[in-house]
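Participant: Below you will find the structure I want to go over with you.
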Amino acid sequence: MNDQSTVRRRTYDNRAREEKAAQTRERIVAAGSELVHGFDSWNWRDLTFKAVAERAGVGERTVYRHFPTERHLHGAVMQRLEFEAGVSYEDVDLTNIGEVTARVFASLQRFSVRRSVEPPQDPTFVGVDARRRDALIRAVSVSAPGWTAAQRHAAAALLDVLWNVPSYERLVGVWGIDGADATRAVVWLMAKVVSAIEHGETPPA
């Protein structure tokens, strides 16, 4: 075999190995995505090398060769989920933010997770929550008596989301907004919703 034939053979072998490695990586990431879709919470503690290896039909060492840490594995799976949802956060602007949000929420229906934030379980807090929701529906009904029950319910629910403690905690804890400023921001946005209600802008329901 001449030198040129040897080079061609080595090039072919290298390409074949690269393609096989890419296929194996793809199988691993797909297995991780399948596992996540079946989880009952957003806690990925069970998305381990062992679990993914078993689902993909490969050894744990193979997973390690493609992903040095579980964080790298989780990152690759998240990229896959974003691709499946048709979401690219790098392309988000104010002209498409509604469309992107709709795609994200639509993708959630393909997961086994039913809720990220658990509702209050203590009877005292359950009672307070019920009274608050009743108050919101009553307030919306007074301002929009001609709306359907579904429209009033949707508007009250939107105000409830803004009023809810997790919304405030995310502004403070994740975004680092001062507590007083976070409160003013929530009140500002609630005023926008209230204005829409008062001007007869019905929510889709």
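None of the figures in this text is laboratory data; all of them are computed from the coordinates on show. Quick caveat: nothing in here was measured; it's all calculated off a predicted structure. Note that each Cβ is placed from the backbone with ideal geometry, even for glycine, and that neighbours are counted across all protein chains shown.
Participant: So, restricting to helices (runs of 4 or more DSSP H) that lie completely within region 115-205, which ones have at least 3 residues that are within 30 Å of residue 37 (Cα to Cα)?
Facilitator: Passing ranges, in order: 149-163, 165-173.
Participant: How many residues are in contact (Cβ under 8 Å) with a residue 40 or more places away in the chain, exposed (fewer than 14 other Cβ atoms within 10 Å of the Cβ) and not aliphatic (A, V, I, L, M) if we restrict to region 150-205?
Facilitator: 4
Participant: Looking only at residues that are assigned to a helix (DSSP H, G or I) and among the polar types (S, T, N, Q) in region 61-83, which one is surrounded by the fewest Cβ atoms within 10 Å (Cβ to Cβ)?
Facilitator: The qualifying residue surrounded by the fewest Cβ atoms within 10 Å (Cβ to Cβ) is 79.
Participant: Out of the residues in region 52-101 that are under 27 Å from residue 20 (Cα atoms) and aromatic (Phe, Trp, Tyr), which is nearest to the chain's Cα centre (by Cα)?
Facilitator: 83
Participant: For region 36-52, enumerate the residues that are aliphatic (A, V, I, L, M) and in contact (Cβ under 8 Å) with a residue 24 or more places away in the chain.
Facilitator: 36, 47, 52
Participant: So which residues in region 102-156 are within 29 Å of the chain's Cα centre (by Cα), farther than 21 Å from residue 166 by Cβ and among the basic types (Lys, Arg)?
Facilitator: Across region 102-156, the qualifying residues are 103, 110, 152.
Okay, residues lined up against (1) touching a residue at least 60 places away in the same chain (Cβ under 8 Å); (2) within 22 Å of residue 42 (Cβ to Cβ):
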{"residue": "92", "(1), (2)": "no, yes"}
{"residue": "98", "(1), (2)": "no, no"}
{"residue": "104", "(1), (2)": "no, yes"}
{"residue": "110", "(1), (2)": "yes, yes"}
{"residue": "126", "(1), (2)": "no, no"}
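Participant: Return the total of residues in region 84-96 being assigned to a helix (DSSP H, G or I) and surrounded by 12 or more Cβ atoms within 10 Å (Cβ to Cβ).
Facilitator: The number of residues fulfilling the criteria is 2.
Participant: In region 97-115, which residues are surrounded by 10 or more Cβ atoms within 10 Å (Cβ to Cβ) and not aliphatic (A, V, I, L, M)?
Facilitator: Those that are surrounded by 10 or more Cβ atoms within 10 Å (Cβ to Cβ) and not aliphatic (A, V, I, L, M): 99, 101, 103, 105, 107, 110, 111, 112.
Participant: Identify all residues within region 18-35 that are over 22 Å from the mean Cα position of the chain (by Cα) and touching a residue at least 24 places away in the same chain (Cβ under 8 Å); write none if there are none.
Facilitator: 21, 24, 25, 27
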